[in-house]
Protein chains: 2
Amino acid sequence: MSTEKVKNKRITLKDYVTGYPKEEDLLLGSSDLELKVPTGSNAVLLKNLYLSCDPYMRAKMSKPLVKSYTDAFTPGSVITGYGVGKVVDSGHPNFQAGDLVWGITGWEEYTLIKAPEILVKIKYTDVPLSYYIGILGMPGLTAYVGFNVISSPKKGETVYVSAASGAVGQLVGQFAKLMGCYVVGSAGSQEKVDLLKSKFGFDEAFNYKEEHDLNAALKRYFPDGIDIYFENVGGPMLDAVLLNMRNHGRIAVCGMISQYNLTEKDSVHNLFCIISKRIRMEGFIEPDHKHLYPQFLELVIQYIREGKLVYVEDIAEGIENAPAALIGLFSGRNVGKQVVSIARE
Amino acid sequence: MSTEKVKNKRITLKDYVTGYPKEEDLLLGSSDLELKVPTGSNAVLLKNLYLSCDPYMRAKMSKPLVKSYTDAFTPGSVITGYGVGKVVDSGHPNFQAGDLVWGITGWEEYTLIKAPEILVKIKYTDVPLSYYIGILGMPGLTAYVGFNVISSPKKGETVYVSAASGAVGQLVGQFAKLMGCYVVGSAGSQEKVDLLKSKFGFDEAFNYKEEHDLNAALKRYFPDGIDIYFENVGGPMLDAVLLNMRNHGRIAVCGMISQYNLTEKDSVHNLFCIISKRIRMEGFIEPDHKHLYPQFLELVIQYIREGKLVYVEDIAEGIENAPAALIGLFSGRNVGKQVVSIARE
């Protein structure tokens with residue numbers, strides 16, 4: 001009884017990265033693979049369909065200095081991330097060939113998942129499957145938790161979202177509009193600014209790269225101040241926001257992408273505003289809130305079907321283009337959620 | 001019918017202050033005063049017994065640039081602050097001569113309070129009256145709210161308090177011990193460090209001025225990290241604390257005394273820890289929580305009577321010494337709560 005063998009194309013980390021990552025830090029290679037789980041194992045063999053490019057992956061490319069909530073990648077090994085896949089073979093009673101799943105997988109064509117309990121079976125297939133690494137996956141739950149839970153929003157409040165056209169930001173803005181808030185987003189190009197207003201329904205949007213004075217820009221869009229800041233970027237933007245927060249404002253700290261590639265982090269000077277304005281600033285990560293996924297999924301799938309939520313993806317084709325897609329996040333090359341399409345079903 | 005006239009000694013602000021305040025920024029003078037409220041007015045004339053020196057007063061000495069929760073002092077006018085006084089004459093039905101009260105008053109021997117509704121009548125006189133500008137006044141409620149409400153403490157958690165021997169810090173440490181927490185405090189002299197351990201029951205204490213590496217100092221006292229940081233100082237201390245917080249830690253931001261006299265504020269670089277450790281950092285001011293005062297008073301007066309809470313005051317004698325007492329806060333000259341005694345009952 002022979003099993004099919006394939007060349008499994010894969011992306012490995014060349015070495016730990018300092019500063020801005022480059023495409024050359026990621027290597028395309030291949031290994032031989034039998035399309036079958038080892039006899040007696042309860043693993044699952046996955047054919048990867050879509051891979052997700054997420055900013056948090058930058059931290060995993062650095063040499064681990066302090067223990068973090070996420071382990072570093074190993075140089076020479078396949079990197080990992082969220083993906084959507086189809087089960088090719090299964091030794092696990094909960095999964096069988098043909099099942100569509102999403103969860104943490106390898107950046108390769110096929111991945112042997114040794115602990116398949118981490119995989120989530122895909123329930124609804126009337127939406128693009130790639131949505132399960134975007135609006136219906138980790139970025140979606142991140143936006144939902146960060147806005148609806150951490151930010152304690154109320155109808156009529158003013159909301160500012162940075163990196164607003166990204167995988168998370170575009171949803172935060174839409175959740176805020178559904179709540180009846182006034183929403184302004186910033187992004188790094190005219191194309192993205194247009195998208196924010198025309199596609200996602202932000203009340204206003206601006207290109208932060210064209211503002212030499214972020215404080216003045218925020219004052220222009222928020223003459224009475226900001227109730228909720230959804231923080232995706234950190235650094236000078238956070239400093240300017242602090243000056244423009246309203247009393248009892250909330251800052252949901254989701255990411256600080258402007259800081260991830262700096263060996264010397266930008267400094268923040270205006271923290272005293274936290275006292276004078278009684279600001280609550282709270283960091284969160286999606287894995288702490290997984291228990292909310294079922295209610296989130298039912299809500300959002302319904303909104304998608306009704307056209308109340310839309311999602312823009314930037315899809316790179318083929319694993320050969322995966323390194324450039326990931327690196328592009330840090331220069332803002334992506335427009336919307338960055339996805340890599342690996343294979344069709 | 002003649003009324004007694006007195007020379008009313010008073011402290012005025014010479015001019016707006018930049019950088020570190022000096023004694024010469026405050027002027028001792030006097031004005032003539034009739035010891036009687038104007039006919040038909042509902043004012044109260046107060047004989048001031050104790051005046052409170054509090055760090056927030058520094059902000060009121062600066063030229064107002066941005067609207068804050070507290071108005072600036074007016075150059076040439078008497079400065080104001082919390083005080084304990086005795087009613088000499090009253091045109092208000094709720095107050096009569098002889099009543100003991102606390103609240104915002106002038107830095108002078110006698111003050112005509114035009115809106116006496118802001119004054120609180122003193123209920124218990126079996127404790128020093130000066131306690132009503134300390135443990136039973138604004139600093140007491142500040143410590144209570146900041147620890148018991150904002151910090152969401154749990155038995156067994158680790159708590160770090162900076163400026164720990166001050167008006168607020170000494171109480172935070174004691175509240176934390178009453179809750180069953182492990183508590184470490186820092187202060188700026190050996191005398192204060194000794195006080196923290198011997199008088200207030202802190203588990204450990206250190207002199208931050210003798211630590212060239214605050215990060216290393218905190219790791220020594222908190223090998224498993226800090227659950228709650230009660231922030232009184234800001235700047236480099238906050239930066240070091242961020243590196244040593246535990247996951248889901250809370251930072252109650254009460255003050256940043258190290259920053260008040262800097263025209264260029266210190267920078268903070270480690271805010272990314274807020275995400276990776278899911279930290280909640282929350283600013284608060286006591287006036288937002290006045291409704292908790294009655295329950296606070298009953299709890300704390302009982303603790304004082306039972307000897308479960310103690311309070312150390314640093315009492316300057318006479319209004320002539322009031323400027324030095326206030327300025328001394330910013331070099332940490334006071335040991336415990338800084339009070340100025342103006343008159344005996």
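The values are calculated or read from the model by the stated rules, or taken from the named source; none is laboratory data. Fair warning: this is a prediction, and the values are worked out from it, not measured in the lab. FYI the Cβ positions are ideal-geometry reconstructions off the backbone, even for glycines, and counts take in every protein chain you see.
Step by step: first the residues of the range B:10-39, then only those that are more than 26 Å from the chain's Cα centre (by Cα) and assigned to a loop (DSSP other than H, G, I, E, B), then the one that is surrounded by the most Cβ atoms within 10 Å (Cβ to Cβ). Which residue is that? Write out each step before concluding.
The initial filter retains those residues of the range B:10-39 that are more than 26 Å from the chain's Cα centre (by Cα), namely B:30-39.
Keeping just the survivors that are assigned to a loop (DSSP other than H, G, I, E, B) gives B:35-39.
Numbers: B:35: 14, B:36: 15, B:37: 21, B:38: 12, B:39: 6.
Within the range B:10-39, the match that is surrounded by the most Cβ atoms within 10 Å (Cβ to Cβ) is B:37.
Look through B:229, B:182 and report the one residue that is touching a residue at least 40 places away in the same chain (Cβ under 8 Å) and hydroxyl-bearing (Ser, Thr, Tyr).
From the options B:229, B:182, the qualifying one is B:229.
For the range A:219-234, name all the residues that are within 14 Å of another protein chain (Cβ to nearest Cβ) and either surrounded by 18 or more Cβ atoms within 10 Å (Cβ to Cβ) or aromatic (Phe, Trp, Tyr) (or both).
First, pick out the residues of the range A:219-234 that are within 14 Å of another protein chain (Cβ to nearest Cβ): A:219, A:223-225, A:229-234.
Passing the criteria: A:229, A:230, A:231, A:232, A:233, A:234.
Quick check on my filter: what residues within the range B:51-73 are more than 14 Å from chain A (Cβ to nearest Cβ) and either assigned to a loop (DSSP other than H, G, I, E, B) or among the basic types (Lys, Arg) (or both)?
Correct list: B:53, B:63, B:73.
Within the range A:74-91, is even one residue of a type in the set (Val, Ile, Thr), touching a Gly at 6+ places or on another chain (Cβ under 7 Å), more than 14 Å from chain B (Cβ to nearest Cβ) and within 17 Å of residue A:118 (Cα to Cα)? Please lay out each step first, then the result.
To start, the set of residues in the range A:74-91 that are of a type in the set (Val, Ile, Thr) comprises A:74, A:78-80, A:84, A:87-88.
Those left that are additionally touching a Gly at 6+ places or on another chain (Cβ under 7 Å): A:78, A:80, A:87.
Applying the additional criterion that residues be more than 14 Å from chain B (Cβ to nearest Cβ) yields A:78, A:80, A:87.
The next check asks that each one be within 17 Å of residue A:118 (Cα to Cα); those that pass are A:80, A:87.
Yes, the range A:74-91 contains at least one residue that is of a type in the set (Val, Ile, Thr), touching a Gly at 6+ places or on another chain (Cβ under 7 Å), more than 14 Å from chain B (Cβ to nearest Cβ) and within 17 Å of residue A:118 (Cα to Cα).
Pull up the range A:260-269, narrow it to residues that are surrounded by fewer than 18 Cβ atoms within 10 Å (Cβ to Cβ) and under 22 Å from the mean Cα position of the chain (by Cα), then point me to the one that is nearest to the other protein chains (Cβ to nearest Cβ).
A:262
Taking the range B:237-259 as the search range and keeping residues that are at pLDDT 95 or above, more than 10 Å from chain A (Cβ to nearest Cβ) and in a helix (DSSP H, G or I), which one is nearest to residue B:19 (Cα to Cα)?
It comes out as B:237.
Select, from B:109, B:157, the only residue that is in contact with a Cys (Cβ under 7 Å, 6 or more places away or on another chain) and of a type in the set (Asp, Glu).
B:157
Evaluate the following for residue A:271: is it part of a loop (DSSP other than H, G, I, E, B) and either in contact with a strand residue (DSSP E or B) (Cβ under 7 Å, 6 or more places away or on another chain) or over 29 Å from residue B:236 (Cβ atoms) (or both)?
Spelling it out, residue A:271 is indeed part of a loop (DSSP other than H, G, I, E, B) and either in contact with a strand residue (DSSP E or B) (Cβ under 7 Å, 6 or more places away or on another chain) or over 29 Å from residue B:236 (Cβ atoms) (or both).
Would you check if residue B:48 is closer than 30 Å to residue B:166 by Cβ and of a type in the set (S, T, N, Q)?
For residue B:48, the condition - closer than 30 Å to residue B:166 by Cβ and of a type in the set (S, T, N, Q) - is met.
Looking at the range A:270-282, is at least one residue more than 9 Å from chain B (Cβ to nearest Cβ) and out of contact with any Cys (no Cβ under 7 Å at 6 or more places or on another chain)?
Looking through the range A:270-282, none of the residues is more than 9 Å from chain B (Cβ to nearest Cβ) and out of contact with any Cys (no Cβ under 7 Å at 6 or more places or on another chain).
Here is a list of conditions, (1) surrounded by fewer than 21 Cβ atoms within 10 Å (Cβ to Cβ); (2) on the phi < 0 side of the Ramachandran plot; (3) away from chain A (no Cβ under 14 Å), and residue B:201 meets all of them except one; can you say which number that is?
Failed condition: (2).
Among the listed residues A:287, A:294, which satisfies the condition of being more than 24 Å from residue A:165 (Cβ to Cβ), surrounded by fewer than 17 Cβ atoms within 10 Å (Cβ to Cβ) and within 15 Å of the chain's Cα centre (by Cα)?
None of the others qualify; the one that does is A:287.
Exactly one of these conditions fails for residue B:80: (1) at pLDDT below 95; (2) of a type in the set (Ser, Thr, Tyr); (3) surrounded by 17 or more Cβ atoms within 10 Å (Cβ to Cβ). Give me its number.
With (1) at pLDDT below 95; (2) of a type in the set (Ser, Thr, Tyr); (3) surrounded by 17 or more Cβ atoms within 10 Å (Cβ to Cβ) applied to residue B:80, the lone miss is (1).
Write out, first by first residue and then by second, each pair whose Cβ atoms fall under 6 Å of each other, whose residues are 6+ apart or on separate chains, and whose first residue, in the range A:194-211, is assigned to a loop (DSSP other than H, G, I, E, B) while the second is basic (Lys, Arg).
Pairs found: A:201/A:177.
Under 7 Å by Cβ, and 6 or more places apart or on different chains, what pairs join a residue from the range A:312-333 that is surrounded by 17 or more Cβ atoms within 10 Å (Cβ to Cβ) with one that is modelled with pLDDT of 95 or more and among the aromatic types (Phe, Trp, Tyr)?
Hits for this filter: A:322/A:107.
Given the condition within 17 Å of the chain's Cα centre (by Cα) and either in a loop (DSSP other than H, G, I, E, B) or crowded, with 18+ Cβ neighbours inside 10 Å (or both), answer yes or no: does some residue in the range A:92-99 qualify?
As a first pass, look at the range A:92-99 and keep what is within 17 Å of the chain's Cα centre (by Cα): none.
There is no residue in the range A:92-99 that is within 17 Å of the chain's Cα centre (by Cα) and either in a loop (DSSP other than H, G, I, E, B) or crowded, with 18+ Cβ neighbours inside 10 Å (or both).
Assess whether residue A:304 counts as being assigned to a helix (DSSP H, G or I), in contact with a helix residue (DSSP H, G or I) (Cβ under 8 Å, 6 or more places away or on another chain) and within 14 Å of chain B (Cβ to nearest Cβ).
Considered against the rule, which asks whether it is assigned to a helix (DSSP H, G or I), in contact with a helix residue (DSSP H, G or I) (Cβ under 8 Å, 6 or more places away or on another chain) and within 14 Å of chain B (Cβ to nearest Cβ), residue A:304 comes out as no.
Looking at the range B:40-66 only, could you name the residues that are surrounded by fewer than 18 Cβ atoms within 10 Å (Cβ to Cβ) and either without any contact (Cβ under 8 Å) to a residue 12 or more places away in the chain or of a type in the set (Phe, Trp, Tyr) (or both)?
Matches in the range B:40-66: B:64, B:65, B:66.
Give just the number: which of (1) on the phi > 0 side of the Ramachandran plot; (2) part of a strand (DSSP E or B) does residue B:76 not satisfy?
Failed condition: (2).
Only one of B:299, B:309 is part of a helix (DSSP H, G or I), farther than 22 Å from residue A:252 by Cα and either more than 10 Å from every other protein chain (Cβ to nearest Cβ) or among the small types (Gly, Ala, Ser) (or both); which?
After ruling out the rest, the residue left standing is B:299.
May I ask you to list the residues in the range B:162-190 that are closer than 22 Å to residue B:131 by Cα and part of a helix (DSSP H, G or I)?
Passing the criteria: B:169, B:170, B:171, B:172, B:173, B:174, B:175, B:176, B:177, B:178.
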